[in-house]
Each structure stands twice: as structure tokens, then as C-alpha cells.
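The values are calculated or read from the model by the stated rules, or taken from the named source; none is laboratory data. These numbers were taken from a predicted model, which means no experiment stands behind them. A quick note on method: Cβ atoms are made from the backbone with ideal geometry, for glycine too, and the neighbour counts reach across all protein chains shown. Only protein heavy atoms, including side chains, enter the accessible area calculation; ligands, DNA and RNA are left aside. Shrake-Rupley method; radii C 1.70, N 1.55, O 1.52, S 1.80 Å.
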Amino acid sequence: MVQSPISQETSSLGSLQRVLKSLSAYRWLAIGALVSSLLLTAAYALTPQLFRWGIDQGITQQNLEIVLLSAGWMVVAAIARGLFNFGQSFWAEATSQNVAYDLRNKIFSKIQNLSFSYHDQAQTSQLLTRVTSDIEQIRTFLSTSLMQVISAVVTLVSIAVILLIMNWELALITLTVIPLSSWLMVRFLRQTSHLFRLVQEQLGDLNAVLQENLFGVRVVKAFVREGAETERYTQLNHVLIDTNMATIRSIRNTFPFMFLLSNVVTVVVVGYGGAAVIADRFSIGQLVAFNSYLLLILQPILLIGFAAPAIAQAAACADRVYEVVDAKIEIRDRPQAVPFKTCGGRITFENVCFRYPGAATEAIRNISFETKPKELIAILGMTGSGKSTIMNLIPRFYDVTSGAVRIDGRDVRDFTLHSLRSHIGIVFQETTLFSGTLRENIAYAKPNAPLEEVIEVAKMAQIHEFIANLPEGYDTHVGERGVGLSGGQKQRVAIARTLLTDYSILILDDSTSAVDARTAAQIHAALDDLMRQKTCTAFVIAQRISTVQNADRIFLMDKGRLVAQGTHEQLMETSPLYSVILESQVKAPVQAPIQAQPKEQR
Ligand SMILES: Nc1ncnc2c1ncn2[C@@H]1O[C@H](COP(=O)(O)OP(=O)(O)OP(=O)(O)O)[C@@H](O)[C@H]1O
């Protein structure tokens, strides 16, 4: 299996730093959250002092006015806490939503620009997990964990100072809790950080099975593999729960010790502080305030503890997201690239070899040919002989391993990708339609095309009659993969979609394979005229010799090599392989299309 390019290790910490840097774009929102958080901490820190004042100056001195005043200020402090809490969560949420929005756009546009070779090796489900779940984890980190940690650190420092001022001996006993619990936290993070990355990867694997299953649901049912598929999913689900349980075990091994620490310190403070009150070295109000601070100081340590797994997880997610954002785009414009404007029709392959990334052998070897203007070239050959590969090199879906592909004498790598691909109309072997109406699908590359133009190309692709007979005609909705249409109908919509573009080079890659032989012949007849008018060169890859007999030249491929070329008649005379293919097809029912029409593929 090909190694995924998106599973390399990079520094999680560095990725998390990049997330933090991205906050600068929303600095005012972030500052709003930070200021609210600081004010919230201040409001919390003030409350025990109000207690102390109320007890020592009010209750102990039997001064009702001070008791009521301190109670009133406590109400004010409570309201202030509510307001600052709201401000902190509102602005933190707004910041995180904006950062997630930017990251989603960034990763999506990167995915659009990544080369075919990247997509060949990357798992779609892993990419989906990165765009959805990973970014959501980063967002939660920014809106919750990050704020928790910042306010916890501010609270810890400010309360430590207050405690030291109030009673340094008792403060030092209390503050021992900080290094001890920090050590527990670091140990916990060391144990779990790799587990969080694993969880996200396993989630991606689980999504892969789900996605494959949804796409291949018909195959699963046809082969009665529902049970086996459920088993496969359950197994991966099991692996995921095991990893999740490992993280939970690590949490379980850490947090009880933290709680134990806090309880021990409380006991010591009450014991030591109580003795100090009896010895008149400390007032009751101070002891109550001290005890309240103790709760406040343990809370942030626990908060950091709770935030730690989320931070480790966010770091792993940020790592995965930036791996895609930083992925190398193999095929891109050269610095001096020029726009491809007009096509004279001379397409030259000069000793071209090509090996797919990660493949052991070359898919095509030493291919050389040159087309003449307005030529219609058919490419024929056994399955896997390299026909599609040749065509992939003209629009630079891949770059040659050696040799050169030229158009009118100029290397295709010298053209800007956008202009080059805009001039090449290509119908792929596999048909992909998008969710939307039939009209929207046909006008995919030219959304403003008037209906007459859409109808015109639909007629050429022999699909107009079918569409016109639908109750909603061209406004009929089709599913994301054209569900509701037969294989042949989808192929014809795809042909119409290509015909509507401003192509000058046309490539039809086995694009009538799912269409019945008579309709295929009608499509080719209609395209024949069109190819000679609109295109400078056309390539048709086909399995059936009958559909390409009219080609000006037929290229015969065998095991990655161009073994023969010429007209149908010439090849019949000179190529034994061509004769073998022809003979095998003469015996096949497709040679007699009118008498025995195969059903369109469903
Ligand atoms: N993305 C890819 N990564 C690695 N190898 C590939 C890839 N695509 C095709 N190949 C290999 O390259 C060789 C040529 O494939 P290609 O698709 O060009 O054949 P083809 O003649 O068009 O076949 P078919 O008629 O079945 O479509 C095959 O051996 C195939 O396994």
C-alpha cells in the first residue's frame, strides 16, 4: 500500500504556535477575551477580602453597617463576575470561530490546488477528518482550553502574591501544591500526547470504512457482505475505543492524586491556621479568606489539568491540519510561465517516459509521436497499457519523468496551468456529477451559459431527448454522484459538460464505455463533425474498434509502449496485435449493435 504523504511527523508544538500566531488577525476579539478574563480573575480575588473585612470588621466587632456593606459589595462582585464571564466566553468563542473559518478555507483551497499525485496517495477520509474534526478540536482549544490556561495562570500568580502578603508561612505550605501538581501534569502530557494523535488517525480510518461503505453500498449488498463490513467497522471502532480508554486510564492515574494533594493542603491550612488563630497570630476573617483562596488556587491547577488533554489533542490536530496546508504542490506554474492562447494542433511527445509516484515500474516508456492540425487520434490497447496515462500528461495532471510533451513546439510546462487546462476539454473514464440540476451539471464550467447552448451540447451528446422527457427537464435534480441516472446517461451528461467548454484540444477517455453501441456510434458521428470544426486536435480512447474506425490515425498501445500507428486499414495489414483485438471484437456482440443492443450499465 502506498504510504500516505500526510502521516509524517512534524512538531506539534510548532503547529500549536502557528495556531496562536493566527490569532493576530483577530487581535481585538482576542484582547477583549483576555481583558475580560483578567477582570474576572480580579473579581474572584476580591471576594475573599470582602469576607475577611465582613468577618473581622463587621461580625467580630458587631458592626452591622460593615456586615451589610460587605454583603452588598459581594453582590456587586458576583454581578461583575457574571458580566466578565460572559465577555470572556463571547469574545473567545468569536475569535475561535473566525480562526476555524480561516483554517477551513485555507485547507480547502489547498486541497483544490494539490496535484493528482497527492490525491492518489492521500486517503479522502483522512482529509475529511482534518477539515472537520481536527479543525473543530483546534477551535475548542482556542475558545475553551486556552482561556482556561491563561486565566488559571493569572489566578495562580495573583493569589500566590496575596497569600504571601497575608501569611508567608502558610502561603509557602499552600504553594507546595503547585510544583507537585505541575509534575503530575507534565507526566500526564508525556504519557498521552501521542495517544491523541493516534485517536485522530484512527477516527480517520473509521471514517474511511464508513465512506467506502456509503460509496460502495450497492456492491456490498450485491455480494451480501453486510456482515463482513459491519465486522470490519466494529474492529476499527474497537481499536479506537481501546486508544480512548488508554487516554482515560492515564487521566484516571493522574487526577485522583491532584485531588488528594488539594485535600491534604486544606487539612494542613485548617490545622496550622487554626493554631495560629488560637495563638492570636491570625484573625478568623483571615483564616476564612485564606481558605477561600486555597480553593481558588486549586481550581486553576485542576483547570490546567483538565485543559492539558485538550491542548495535547489540539496540538496533534494542528499538526495534521498544517501537514496538508504545507503539502508541496508538485504541479505548478513555472516562474516565467506564459498563457496558452491558441492551438495550432501540433501535439508532440518526445521520448516520454512516466512513472507514477511510488510505482515500481514506468507506466509508459519512450513514447514519441506528433499530431497534425485537426487530426482525430484514436488510442487503443489492452487494459492497463497506458492509454489514460498518455492523456494525463497533456493537461499536466502529472509531469513527465523524462522526455517532453509539447504543443506547437512549446513544452506544456511553460504554459500557465489555468490557461492550459482551460483549453483542454476532457471527459474522464469515471463520471462524476455534482449535486444540482442537470442544467447546472452541464454548465459546470460555464455557469452563465444560456439554455440554448446547454441544449445544443446535450443534443450532440445524445442526452437531450432523455432530459426533455423528464417532468422537470433540465431543472431535474441529480444526486452528488448522479444517482437516479444510468451509467450511460451520466457519461452523456459528462460529454455535454465538456462540449460546452472553450476547449481546443479534446480528450475523450473511454467516455462512451457505458453507452449502448448504437448511441455511442451516434455520439461519435456528432462529435466527428464537431471535432473537425472546433478542435485543433482530438484524442479518443476507446475499447471498441468500431467506434474509432473513422479516426485519422489509431495509436496502438501495449504494455506502456506505442507499438503501432496508422489508419484502420493500415493497422489491419501491418499489426498482428490490432488484428487480434479486431478479431476478438468481431466475435463480441457489440459488433452488431442494431441486432443485439446491450443494456446501458446501471
Ligand atoms: N494513479 C496511479 N498510480 C499508480 N499507478 C497507476 C495510476 N494510474 C494508473 N497506474 C498504472 O499505470 C498503468 C497504465 O494505466 P492507465 O490507466 O494509463 O491504463 P489504460 O490503458 O488507460 O487502462 P484502461 O483501459 O483499463 O483504462 C497501469 O499499470 C496502472 O496500474
Once phi for every residue in the range 545-551 is put through the Karplus expression 6.51 cos²θ - 1.76 cosθ + 1.60 (θ = phi - 60°), the whole-Hz ³J(HN,Hα) values, with Gly and Pro written as x, are 4, 4, 7, 10, 4, 7, 4
Counting only protein heavy atoms and leaving out ligands, DNA and RNA, the solvent-accessible surface of L68 at a 1.4 Å probe, in Å² to the nearest 10, equals 110
Relative to the chain, whose Cα atoms define the longest principal axis, helix 64-113 and its Cα axis are tilted in degrees, nearest 10, by 20
Check: C-alpha center the range 429-502 vs C-alpha center the range 109-180, spacing in Å is 49
Of H423, H418, H524, ordered by accessible area with the largest first and a 1.4 Å probe, the sequence is H418, H423, H524
A correct Karplus calculation of ³J(HN,Hα) over the range 328-335, with 6.51 cos²θ - 1.76 cosθ + 1.60, θ = phi - 60°, whole Hz and x for Gly and Pro, returns 6, 8, 5, 9, 8, 5, 6, x
Interchain or sequence-distant (5+) residues whose placed amide H lies within less than 5 Å of the amide H of E330 are S115
With +1 on the Cβ of every Lys and Arg and -1 on the Cβ of every Asp and Glu, the dipole magnitude of the range 5-325 about its Cα centre, in debye rounded to the nearest 20, is 300
For the chain, longest principal axis from Cα atoms; helix 226-278 axis from its Cα atoms; angle between them, nearest 10 degrees, is 20
Taking Cα atoms, the helix 177-215 axis meets the longest principal axis of the chain at an angle in degrees (rounded to 10) of 30
The answer for F340, listing residues at least 5 apart or on another chain whose modeled amide H is closer than 5 Å to its amide H, is T416, S419, L420
With all protein chains present and a 1.4 Å probe, the order of Y322, Y44 from largest accessible area down is Y44, Y322
For V540, other-chain or 5+-apart residues with amide H closer than 5 Å (H placed, Pro excluded) are I377, A378, I379, L508
Note to self: with every protein chain in place and a 1.4 Å probe, the range 5-325 gives an accessible area per residue in Å² of 51
Too long for a 22 Å Cα-Cα cut-off, among K446/K534; K490/K559; K341/K374; K221/K387, are K490/K559; K221/K387
Counting only protein heavy atoms with a 1.4 Å probe and every protein chain in place, the carbon and sulfur fraction of the accessible surface of the chain in whole percent equals 60
Rounded to the nearest 10 Å², the accessible area of S109 using a 1.4 Å probe with every protein chain kept is 60
Ignoring ligands and nucleic acids, R18 exposes an accessible area, probe 1.4 Å, in Å² to the nearest 10, of 90
At the level of C-alpha centres, the distance separating the range 287-325 and the range 345-413, in angstrom, is 56
One checks the Cα atoms of the range 495-588 and finds Rg and Dmax, in Å, of 13.8, 40
